[in-house]
């Protein structure tokens, strides 16, 4: 018998019954950061793709053809991502690429997919991935610009106007820094301190000490991902900082709670709904999608879901829907179908893409969360 999780997943996907045929497979290429500093993003992404490719194939595949996932691990190295993207295009002859865990890896792949005219759905956050619009490039996560705006809107409600920014020197962190600086004045925010740290740094106490000694600072906003942002949170606690601590959506994962421990309590951040399926109201259109993904992932891998795995889910489902809509794997037709996606309800939000918007999410699809008792809660 099928598990409840698989039934829910099948209901969400609308899969047909019966095994996939022995027809020529549809090749889904992927380059993910399964190891290295961004591993807690890339690992659930790969597991999600593997799980749903298998599920779709059990249900008959797409257009009567099985999906074949061809994936490589870039080790959180953008140079390797470029090499693997070239291999996917030239040697593996993939029909579409879903991947690019980090913004740096994604941007190293963009020139290749644009030149080869291969549809590419990125799982990374930087706004530069889709702004300006690139013909063959799409993305599923909210942008860093949106994250900064969501955080600043929350600060504005709490009468916070003087903020310290601490950003990672990765592609994601530096794009986030740029976007944060660009939108701060819109919300009446002044950045009274502006520090950086490396993604492989193991102690951010010097930067945090400078911030602690900055006159008038009312809150700290950290723009990073993975282990580095968790270490910042621990150092913040160790130094006895008491100003409100905000993080970006780059830490929207239960793994962050494990890495940061009790130091994470009180942290506020913008996140997709994926982290709080049980806290969504019954009428929320995302609730059945988020719940189905959450149950299926836990049943298969015996671990918690994350927003990063959710980005991969959305990337694959948007691609599958586009192939069905195009009734073809012709790259140009699939690209056009992706671009005309109209209100697809995913775990990250409601997607509505267009020729001028290759992400398709609004600021409302972000939920403002806080950490309370080592668990996520809707921020008050």
Assess whether residue 119 counts as being in contact with a strand residue (DSSP E or B) (Cβ under 8 Å, 6 or more places away or on another chain), over 22 Å from residue 223 (Cβ atoms) and assigned by TED's automatic domain parsing to the domain that holds residue 136. yes
So residue 324 clears everything in (1) free of Cβ contacts under 8 Å to residues at least 40 places away in the same chain; (2) within 19 Å of residue 53 (Cα to Cα); (3) surrounded by fewer than 15 Cβ atoms within 10 Å (Cβ to Cβ) except one condition, right? Which one? (1)
Looking only at segment 162-196, how many residues end up being outside any helix (DSSP H, G or I) and closer than 24 Å to residue 367 by Cβ? 7
Tally of residues being assigned to a loop (DSSP other than H, G, I, E, B) and over 19 Å from the mean Cα position of the chain (by Cα) across segment 285-334: 6
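Conditions (1) touching a strand residue (DSSP E or B) at 6+ places or on another chain (Cβ under 6 Å); (2) in the same structural domain as residue 109 (by TED's automatic domain parsing); (3) under 28 Å from residue 275 (Cβ atoms); (4) modelled with pLDDT of 95 or more, marked per residue:
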site: 14; (1), (2), (3), (4): no, yes, yes, no
site: 22; (1), (2), (3), (4): no, yes, no, no
site: 26; (1), (2), (3), (4): yes, yes, no, yes
site: 33; (1), (2), (3), (4): no, yes, yes, yes
site: 44; (1), (2), (3), (4): yes, yes, yes, yes
site: 48; (1), (2), (3), (4): no, yes, yes, yes
site: 51; (1), (2), (3), (4): no, yes, yes, yes
site: 56; (1), (2), (3), (4): yes, yes, yes, yes
site: 59; (1), (2), (3), (4): no, yes, yes, yes
Of all residues in segment 212-232 being within 29 Å of the chain's Cα centre (by Cα) and more than 22 Å from residue 153 (Cβ to Cβ), which is surrounded by the fewest Cβ atoms within 10 Å (Cβ to Cβ)? 231
Looking at segment 126-161, which of its residues are in a loop (DSSP other than H, G, I, E, B), in contact with a helix residue (DSSP H, G or I) (Cβ under 6 Å, 6 or more places away or on another chain) and closer than 12 Å to residue 103 by Cβ? 126, 141, 143
Answer yes if at least one residue in segment 71-90 is under 26 Å from residue 289 (Cβ atoms) and either surrounded by fewer than 19 Cβ atoms within 10 Å (Cβ to Cβ) or in contact (Cβ under 8 Å) with a residue 24 or more places away in the chain (or both), and no otherwise. yes
Quick check on my filter: what residues within segment 345-366 are modelled with pLDDT of 95 or more and outside any loop (DSSP other than H, G, I, E, B)? 345, 350, 351, 354, 357
Candidates 98, 130, filtered to the one that is under 18 Å from residue 334 (Cα atoms), surrounded by fewer than 24 Cβ atoms within 10 Å (Cβ to Cβ) and under 22 Å from the mean Cα position of the chain (by Cα): 130
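Residue by residue, here is whether (1) within 25 Å of residue 37 (Cβ to Cβ); (2) in contact (Cβ under 8 Å) with a residue 24 or more places away in the chain; (3) touching a helix residue (DSSP H, G or I) at 6+ places or on another chain (Cβ under 9 Å) holds:
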residue: 268; (1), (2), (3): yes, yes, yes
residue: 278; (1), (2), (3): no, no, yes
residue: 305; (1), (2), (3): yes, yes, yes
residue: 309; (1), (2), (3): yes, yes, yes
residue: 334; (1), (2), (3): no, yes, yes
residue: 340; (1), (2), (3): no, no, yes
residue: 346; (1), (2), (3): no, yes, yes
Is it fair to say residue 270 is part of a strand (DSSP E or B), farther than 18 Å from residue 52 by Cβ and either under 18 Å from the mean Cα position of the chain (by Cα) or modelled with pLDDT under 95 (or both)? yes
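Yes/no matrix, rows are residues, columns are (1) surrounded by fewer than 24 Cβ atoms within 10 Å (Cβ to Cβ); (2) touching a residue at least 60 places away in the same chain (Cβ under 8 Å); (3) touching a strand residue (DSSP E or B) at 6+ places or on another chain (Cβ under 8 Å):
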site	(1), (2), (3)
236	no, no, yes
247	no, no, yes
253	no, yes, yes
262	yes, yes, no
272	no, yes, yes
290	no, no, no
294	yes, no, no
For the list (1) under 18 Å from the mean Cα position of the chain (by Cα); (2) under 17 Å from residue 137 (Cβ atoms); (3) free of Cβ contacts under 8 Å to residues at least 60 places away in the same chain, I need the number of the one condition that residue 357 fails. (3)
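The values are calculated or read from the model by the stated rules, or taken from the named source; none is laboratory data. The structure presented is a predicted model; accordingly, all values stated were derived computationally and were not measured. Neighbour counts are summed over all protein chains in view; Cβ atoms, including those assigned to glycine, are modelled from backbone coordinates with ideal geometry.
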